[in-house]
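Here is the structure we will look at.
The values are calculated or read from the model by the stated rules, or taken from the named source; none is laboratory data. Being a predicted model, the structure only gives us computed values, none of them experimental. Positions of Cβ are generated from backbone atoms using ideal geometry, with glycine treated the same way; all protein chains shown enter the neighbour counts. Accessible surface areas use protein heavy atoms only, side chains included; no ligands, DNA or RNA. Shrake-Rupley method; radii C 1.70, N 1.55, O 1.52, S 1.80 Å.
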Amino acid sequence: MSLYPRSFDPRVRFLICALVALVPAMSSCAESATAIPSAAVDEPATSAGASETAVLAGGCFWGVQAVFQHLKGVTQVLSGYSGGSKDTAGYETVSTGRTGHAESVKITFDPRVVTYGRILQIYFSVAHDPTQLNRQGPDSGTQYRSAIFAVDEHQRRIAEQYIAQLDKAAVFRRPIATRIDPLTAFYPAEAYHQDFATVHPDHPYIAFNDRPKVENFKRLFPDLYRDAPVLVGSGQAAL
């Protein structure tokens, strides 16, 4: 029996077919990554003891989850699905690209420690490439789109103004393809997807696609990075 369920076949297939071509490109990307400007607009801290959530999509949720699990002020990061209905929120169904879902992560954080604007800065800087339309690295399809699922009007306004700021400054060589959609629901992914990058650090997909993201996060945002990731199964970590 294979170590991974059959639902992993599409991702493994893309990896095998593109690996030779992708390795030089990914190495170059990892070396050239730079921190983009912080958001010119941000939100004030909320009342003491309040936590907030952010839902972001940026390709395979393994890598996006891994990045934000190392962010100070984050208490949980779940991999899951957003944008479609409950009855299609499963990996094999979402992998068809016909459900409206995107592989997403739900980030629970303390705004007294890290703001939503800073989360977006990390999202655009190291978690994914926001200029790729309906794909990330070896993964292709609408389920791998770049999308911000705004929890409320406040988040929508911050995201819109931040993208406008980045576009005006021509931070990226290509137009930003990130969509901003209202969050209707978030459905947690299957258990075997949670904490995948930490549990399987030597998996080829993780080594080539996701480990460089975490390394870039540590290099570019040392004041926000923490060595011990907060894991789904471990409860809340120290902030």
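Could you give the semi-axes, largest first, of the ellipsoid that matches the stretch 150-198, computed as the square roots of 5 times the alpha carbon gyration tensor eigenvalues and rounded to whole Å?
Values: eigenvalues 156, 60, 14 Å².
Calculated on Cα positions only, the semi-axes equal 28, 17, 8 Å.
If you wrap a convex hull around the C-alpha atoms of the stretch 138-239 and split its volume per residue, what is the figure in Å³? Present the calculation step by step, with values, prior to reporting the outcome.
Working: hull volume 17.5 nm³, N = 102.
Considering the Cα atoms of the stretch 138-239, their hull volume per residue is 172 Å³.
Between the stretch 153-222 and the stretch 77-119, what's the alpha-carbon centroid distance in Å?
Cα centroid of the stretch 153-222 versus Cα centroid of the stretch 77-119: 11 Å apart.
Express the accessible area of the stretch 62-116 per residue in Å², computed with a 1.4 Å probe while the remaining protein chains stay in the model.
29
Taking Lys218 as the anchor, which lysines have their alpha carbon closer than 18 Å to its alpha carbon, excluding any fewer than eight residues away along the same chain?
Hits, sequence-local ones excluded: Lys72.
Can you compute the modelled spin-label distance between Asp152 and Ala191, with each label point 7 Å from Cα toward Cβ, in nm?
Placing both labels 7 Å along Cα→Cβ, they lie 3.4 nm apart.
Compute the accessible area per residue over the stretch 128-239, keeping the other protein chains in place, probe 1.4 Å, unit Å². The partial results should precede the final answer.
On the way: 5690 Å² over 112 residues.
Per residue, the stretch 128-239 has 51 Å² of solvent-accessible surface.
Going from the alpha-carbon gyration tensor of the stretch 89-197, what semi-axes, largest first and in whole Å, does one get by taking the root of 5 times each eigenvalue?
Values: eigenvalues 107, 66, 36 Å².
The answer is 23, 18, 13 Å, longest axis first.
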